[in-house]
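Structure first, commentary second.
The values are calculated or read from the model by the stated rules, or taken from the named source; none is laboratory data. Owing to the predicted nature of the structure, the values given are computational and were not obtained by experimental measurement. For neighbour counting, all protein chains shown are included, and Cβ atoms are generated from backbone atoms with ideal geometry for every residue, glycine included. Heavy atoms of the whole protein, side chains included, go into the accessibility calculation; ligands, DNA and RNA do not. Shrake-Rupley method; radii C 1.70, N 1.55, O 1.52, S 1.80 Å.
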Amino acid sequence: MKLVLHEYSPSGNCYKVRLTAAHLGVALERREYDILKGETRTSEFLAHTNANGRIPVLQVGDRFIPESNAACFWLADGSRLIPKDRFERADMLRWMFWEQYSHEPNIATLRFWLAFVGTDNLADAQRAAIGVKRAAGEDALALMEDHLRGRDWFAGNAFSLADIALYAYTHVAGEGGFELSAFPALTAWLGRVAGEPGHVPM
Ligand SMILES: N[C@@H](CCC(=O)N[C@@H](CS)C(=O)NCC(=O)O)C(=O)O
């Protein structure tokens, strides 16, 4: 089965899919789009790849899976990256949904605005939102720190997709101006994730 990752490689959402595939030993063909040039907003991309105009999209044969965490789930279904226990599996999904609602919109967005778009190029509304996103991002990191005190992994007792989903933007949060050294349990967890056999850097 042909697997193609439609991506913008500096994106943490795309990295999640590459990292999941690397842990599973699955080869992905990669197709790069420059999101700063609107390459995921062309009529061709919207009609055939993702009507939502965003990457990553995992192409499975002639079908397409947008949304990073759904693509990771497709790749990892039935593998050791998803807990067998029903409660732990739901808990893994809890962290992946939380990542998309409370973590990524703050931490990834600030990284994108500050490190890729540049403060001078932001719209007024974006510049005005920086403080709110910084506070919400700090709250997300603090919640992760609390959860990781006394435990090694986010869901169950093993490395899972929850760790992959949360690692992607946490390990580069510094690029968005977040100070990770204030979170020792989180920093230790970042080291554990990076030390897992099969890990690949962003
Ligand atoms: N919830 C989506 C978010 C996807 C997303 O925001 N992708 C960004 C890059 S990380 C994108 O494609 N931006 C280009 C655009 O919106 O035009 C996921 O997890 O995959």
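Taking the highest mean first, how do the peptides 58-64, 135-141 order by number of other beta carbon atoms within 10 angstrom per residue? Walk me through the intermediate numbers first.
On the way: 58-64: 14.1, 135-141: 18.1.
Highest-to-lowest ranking by the protection proxy: 135-141, 58-64.
Using a simple charge model, +1 on the beta-carbon of Lys and Arg, -1 on the beta-carbon of Asp and Glu, nothing else, what dipole does the stretch 23-75 show about its Cα centre, in debye to the nearest 20? All intermediate terms of the calculation are to be shown ahead of the outcome.
Details: 6 positive and 7 negative charges, 17 e Å.
So the dipole magnitude of the stretch 23-75 works out to roughly 80 debye.
Does the chain classify as rounded, prolate or oblate by the C-alpha gyration tensor (a ≥ b ≥ c root eigenvalues; a/c under 1.5 gives rounded; else a/b over b/c gives prolate, otherwise oblate)?
Values: a/c = 1.88, a/b = 1.03, b/c = 1.81.
Taking the square roots of the gyration eigenvalues as a ≥ b ≥ c, the chain is oblate.
Work out the FRET efficiency for residue 121 and residue 60 from their Cβ-Cβ distance, taking R0 = 35 Å, and round it to the nearest 0.05. List each step's numbers first, then the result.
Details: r = 36 Å, r/R0 = 1.03.
FRET efficiency, residue 121 to residue 60: 0.45.
Could you give the length gained by full extension between residue 180 and residue 149, i.e. 0.36 nm per residue of separation minus their alpha carbon distance, to one decimal place?
Roughly 9.7 nm would be gained on extension.
What is the packing order of peptides 127-134, 90-97, taking the mean over residues of other C-beta atoms within 10 Å and listing the highest first? Write out the running numbers ahead of the final one.
Values: 127-134: 13.8, 90-97: 17.5.
For the peptides 127-134, 90-97, the packing ranking is 90-97, 127-134.
How would 8, 15 line up by accessible area, probe 1.4 Å, largest first?
Working: 8 25, 15 0 Å².
I get 8, 15, largest accessible area first.
So, with +1 on the Cβ of K and R and -1 on the Cβ of D and E, and no other charges, what is the size of the charge dipole of the chain about its Cα centre, to the nearest 20 debye? Walk me through the numbers before you get to the answer.
On the way: 21 positive and 25 negative charges, 67 e Å.
For this selection, approximately 320 debye.
Could the peptides 77-88, 166-177, 106-117, 148-159 be put in order, highest first, of the mean number of other beta-carbon atoms found within 10 Å of their residues? Don't skip to the answer; put the middle values down first.
Working: 77-88: 13.2, 166-177: 22.2, 106-117: 19.8, 148-159: 16.8.
The peptides rank, most packed first, as 166-177, 106-117, 148-159, 77-88.
What distance in nm separates the simple spin-label points at residue 187 and residue 67, each placed 7 Å from Cα in the Cβ direction?
Taking the two extended label points, one gets 3.6 nm.
Roughly to the nearest percent, how much of the accessible area of the chain is carbon and sulfur, given a 1.4 Å probe? Numbers along the way, then the final one.
Numbers: 5250 of 9730 Å².
The computed percentage sits at 54.
Provide the per residue accessible area, probe 1.4 Å, for the stretch 55-202, rounded to a whole number of square angstrom. Please list the in-between numbers first.
Details: 7040 Å² over 148 residues.
For the stretch 55-202, the solvent-accessible area averages 48 Å² per residue.
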